[in-house]
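The values are calculated or read from the model by the stated rules, or taken from the named source; none is laboratory data. Treat the numbers as computed from the prediction; the structure is a model and nothing was measured. Cβ atoms come from the backbone with ideal geometry, glycine included; neighbour counts cover every protein chain shown. Side chains are part of the model used for accessible areas, which takes the heavy atoms of the whole protein and leaves out ligands, DNA and RNA. Shrake-Rupley method; radii C 1.70, N 1.55, O 1.52, S 1.80 Å.
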Amino acid sequence: MNRTRTTSTGTCTSNRTRTPLRTLAKRLLPLGLALVCLISGGNWPTASTPASAAGTAPAKNVVLLDPASGHAFVPGRALNGLDGIQVQWDASRQQLTIAQGDTAAAILRVGSAKAEVNGEPITLADAPFNEAGAAYVPLQFISATFQLPAEWDKSAGAVRLGQGDARLTLPYANRGAASSAGVGKAIVSARKTFKAGGRSFSVQMVTISLMDPKVRLKVALAGDTVGKVEELSSLAKRHKAVVAVNGTFFNAYTDDAYKAPYGYIVSGGELKMKASGDKRAIFTYDSNLLASLIPGADFNDAFAAGTMEGALQAGPRLVVNGKVAVDVKAEGFKDPKILTGGGARSALGLTRDHKLILLTSGGATIPQLAEIMKQAGAYQEMNLDGGASSGLYYNGKYLTQPGRKISNALVVTY
């Protein structure tokens with residue numbers, strides 16, 4: 001199934017009014033936002049290239065923020081093809097050439113605050129630099145020079161660049177987040193105790209830094225086929241996963257060989273399972289691991305955008321923007337195990353700084369689980385399949401062992 005959008009990378013002529021270059025240069029002096037360009041040679045994909053195009057996921061494109069100055073940095077190779085922009089990298093000179101048809105062209109060099117726009121020299125507030133195999137230059141410079149709109153979404157921790165259907169959405173994180181810190185820092189396991197609803201709960205949790213360049217996510221199907229079941233540990237080992245957690249609800253009680261999963265499932269950008277009209281919450285992510293939780297009713301539009309790399313639908317939604325927000329009936333749940341009962345639970349949460357929290361707990365009701373996840377640091381959070389399906393695998397062994405084979409899982413590799 002090919003859903004790749006085509007974005008022109010040819011010559012682009014714009015009728016938009018341009019700021020005179022000398023005036024533009026003066027305006028740029030106090031500004032301090034910046035662009036990132038992964039140093040992988042000059043043969044870069046366009047902004048719309050999907051993760052699966054080359055068989056493996058590409059290096060992540062992440063907007064970086066300098067906490068001290070407030071300056072930001074955006075990936076240059078991701079801009080290649082966006083709004084007619086073309087980017088070239090000269091490794092021997094440590095030089096970026098960025099052009100937009102015949103309307104603007106800029107040359108920037110790593111380690112130098114001196115740049116050129118259409119042949120005229122300007123001075124940047126910040127010199128471009130390399131970090132974690134990437135070269136960075138001021139974003140505000142890019143935005144002003146090429147009239148590229150930038151819209152910041154604090155709730156999603158993302159920046160939207162460009163305009164119209166071809167807009168590019170990238171996660172942002174503090175500078176240093178794109179540096180590989182090693183699996184021991186990028187993926188951390190802990191056993192913790194939380195109090196919720198007058199009770200104490202001992203939970204297993206694994207926290208994953210989604211911005212680490214070596215971290216990858218995958219929605220994995222049992223037996224690589226919809227309707228089959230498999231041991232969680234077996235599924236994890238097949239995918240060489242460091243972490244795995246059980247995923248969607250499924251028909252675990254049928255005697256039939258086909259045990260249907262419930263809800264939308266997307267893996268590798270392909271829709272594996274439909275759930276038309278379903279209202280339950282969905283966890284989604286793109287090739288940069290910009291992850292979000294969306295209502296079931298929003299799935300079709302989100303999938304049609306063409307950037308969804310993986311998705312799992314389960315629910316109910318438990319934490320919204322840092323606040324407990326449980327409405328199981330509104331999501332269509334009728335099972336007493338969800339409405340009122342307690343039991344083994346699995347949950348998935350996202351922090352404001354793009355960390356993924358995977359957690360298992362015993363005996364918790366849904367409201368108690370919501371409070372547990374909020375205390376654990378989740379800004380957005382939803383419930384996964386539970387009961388005998390609840391399982392969490394880490395570093396070659398179970399932290400929580402499921403009581404049965406499962407239909408699908410979210411796996412983390414490094």
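Structure values in brief
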item: Overall form of segment 291-414 per C-alpha gyration tensor (a/c, 1.5; a/b vs b/c); result: rounded
item: Portion, in percent, of the accessible area of segment 328-414 that falls on carbon or sulfur, probe 1.4 Å; result: 50
item: Cα pair distances in segment 60-188, grouped into 5 Å bins until the bin that holds the longest one, percent each; result: 2, 10, 20, 23, 21, 13, 6, 3, 1, 0
item: Carbon/sulfur fraction of accessible area - segment 116-228, other protein chains in place, 1.4 Å, %; result: 47
item: Tensor-based shape of segment 213-266 (alpha-carbon gyration tensor, a/c under 1.5 rounded, otherwise prolate or oblate); result: prolate
item: Nearest-10 value in Å² for the accessible area of Ile208, using the 1.4 Å probe; result: 0
item: Shape call, segment 180-334: gyration tensor on alpha carbons, a/c limit 1.5; result: rounded
item: Trypsin sites (Lys or Arg not before Pro) within segment 208-253: DSSP coil, no more than 10 neighbouring Cβ in 10 Å; result: Lys240
item: Above-threshold pairs, the threshold being 22 Å between Cα atoms, out of Lys218/Lys405; Lys60/Lys218; Lys228/Lys337; result: Lys228/Lys337
item: Net charge contributed by nearby residues that have their C-beta within less than 13 Å of Leu221 (K/R +1, D/E -1); result: +3
item: Gain on full stretching of the segment that runs from Lys192 to Asn321 - 0.36 nm per residue minus C-alpha separation; result: 44.2 nm
item: Distance (nanometres) between label positions extended 7 Å along Cα→Cβ at Asp256 and Ala304; result: 3.0
item: Contour excess over end-to-end distance, with Cα ends at Asp153 and Lys397 and 0.36 nm allotted per residue; result: 84.0 nm
item: Calculated FRET value between Arg404 and Gln95, using beta carbons and R₀ = 60 Å, to 0.05; result: 0.55
item: Pair Ala113, Lys334: separation of 7 Å Cα→Cβ label points (nm); result: 6.8
item: Distance in nm between pseudo-label sites at Asn174 and Arg160 (7 Å out along the Cβ direction from Cα); result: 2.8
item: Full-stretch length increase - Gln375, Arg167 - with 0.36 nm per residue and alpha-carbon distance subtracted; result: 71.4 nm
